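The values are calculated or read from the model by the stated rules, or taken from the named source; none is laboratory data. Here the structure is a predicted model, which means the values were calculated and not measured. A quick note on method: Cβ atoms are made from the backbone with ideal geometry, for glycine too, and the neighbour counts reach across all protein chains shown. Note: areas computed on protein heavy atoms with side chains; ligands, DNA, RNA excluded. Shrake-Rupley method; radii C 1.70, N 1.55, O 1.52, S 1.80 Å.
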Amino acid sequence: MEKILDMQDIVKIYNLGGEEQTVLNNVNLQINRGEFLSVLGPSGSGKTTLMNIIGCLDVPTSGRYILNGNEVEDLDESELSFIRNKEIGFIFQLFQLLPRLSSFENVELPLIYAGYSPKVRKQKTLEILERVGLTDKIKNKPNQLSGGQQQRVAIARAMVTEPTILLADEPTGALDQRTGVQIMDLFSELHAENKTIVMITHDEKIASRGSRIVKILDGQLSEGSYGMEVG
């Protein structure tokens, strides 16, 4: 198996009101290409901080982080921005679509930033919208879409640049149960296509859809699976 993410002894300390707070404590995590990893933990467990470091939105206080061959922990902001654009496809709980843009335009945007030609942008955008089942909604703006459709647009936007990892933060948190199941079915299909997915969640049932679960509590990781602890 090809290892594409390797975190070694990651520590994250914040200084809050003059006091140090350790949010991540010697985290070790390896992810292979094609895995669907669920990171399961309650509010305040450190899972958001871990997500931000995985997504290169934050850097560790100490430790080593290698993402697809790139040593991340010592990069400056411009280098981190480049890695984010190249390696990570973000999927947010509240979709984060631009309200004045159509589905097509929202999905096309990362390709514009990446410097693709108009012809290639159009081809890639149409292909990925077809993949998520929204060919008939390409002209619709977010307020003309259901929550599930908006999340599908967000998933298409995350996938369109073919990133190394799809990083999903509570992707069903703003959806009703039935729609949430449909979105998780889509993630399962993407996993079957060998996409690498890291999903952050507090919901054990949602976490169980991953191929592997790590649990986080008080800034420490442990391997687990649905309904039981392992090791």
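The table that follows gives values for the structure above.
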quantity	calculated
Candidates Gly173, Gly210 - the one that is open to solvent by less than 30 Å² (accessible area, probe 1.4 Å), in contact (Cβ under 8 Å) with a residue 24 or more places away in the chain and of a type in the set (Gly, Ala, Ser)	Gly210
Any strands (runs of 3 or more DSSP E) falling wholly within segment 163-222 and containing at least 1 residues that are among the basic types (Lys, Arg)	212-217
Selection count where residues are within 22 Å of Asn85 (Cβ to Cβ) and open to solvent by 20 Å² or more (accessible area, probe 1.4 Å), scope segment 36-48	1
Filtered residue count, segment 59-85, keeping only those that are within 12 Å of Asp9 (Cβ to Cβ) and among the basic types (Lys, Arg)	1
Breaking point among (1) open to solvent by 20 Å² or more (accessible area, probe 1.4 Å); (2) closer than 30 Å to Lys137 by Cβ; (3) in contact (Cβ under 8 Å) with a residue 40 or more places away in the chain, for Leu57	(3)
Residue that is least open to solvent (accessible area, probe 1.4 Å), among those in segment 117-133 that are free of Cβ contacts under 8 Å to residues at least 40 places away in the same chain and of a type in the set (A, V, I, L, M)	Leu129
So Pro142, is it under 27 Å from Ile83 (Cβ atoms) and touching a helix residue (DSSP H, G or I) at 6+ places or on another chain (Cβ under 8 Å)	no
Segment 61-86, residues that are under 23 Å from Val160 (Cα atoms), touching a residue at least 40 places away in the same chain (Cβ under 8 Å) and of a type outside the set (A, V, I, L, M)	Asn68, Asn85, Lys86
Exclusive hit being assigned to a strand (DSSP E or B), open to solvent by 10 Å² or more (accessible area, probe 1.4 Å), out of contact with any helix residue (DSSP H, G or I) (no Cβ under 7 Å at 6 or more places or on another chain) and over 24 Å from Gly210 (Cα atoms), set Gln30, Gln21	Gln21
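Residue-wise test of (1) of a type in the set (Asp, Glu); (2) open to solvent by 20 Å² or more (accessible area, probe 1.4 Å); (3) over 24 Å from Gln30 (Cβ atoms).
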{"site": "Gly147", "(1), (2), (3)": "no, yes, yes"}
{"site": "Val153", "(1), (2), (3)": "no, no, yes"}
{"site": "Arg157", "(1), (2), (3)": "no, yes, yes"}
{"site": "Asp169", "(1), (2), (3)": "yes, yes, no"}
{"site": "Ile183", "(1), (2), (3)": "no, no, yes"}
{"site": "Glu189", "(1), (2), (3)": "yes, yes, yes"}
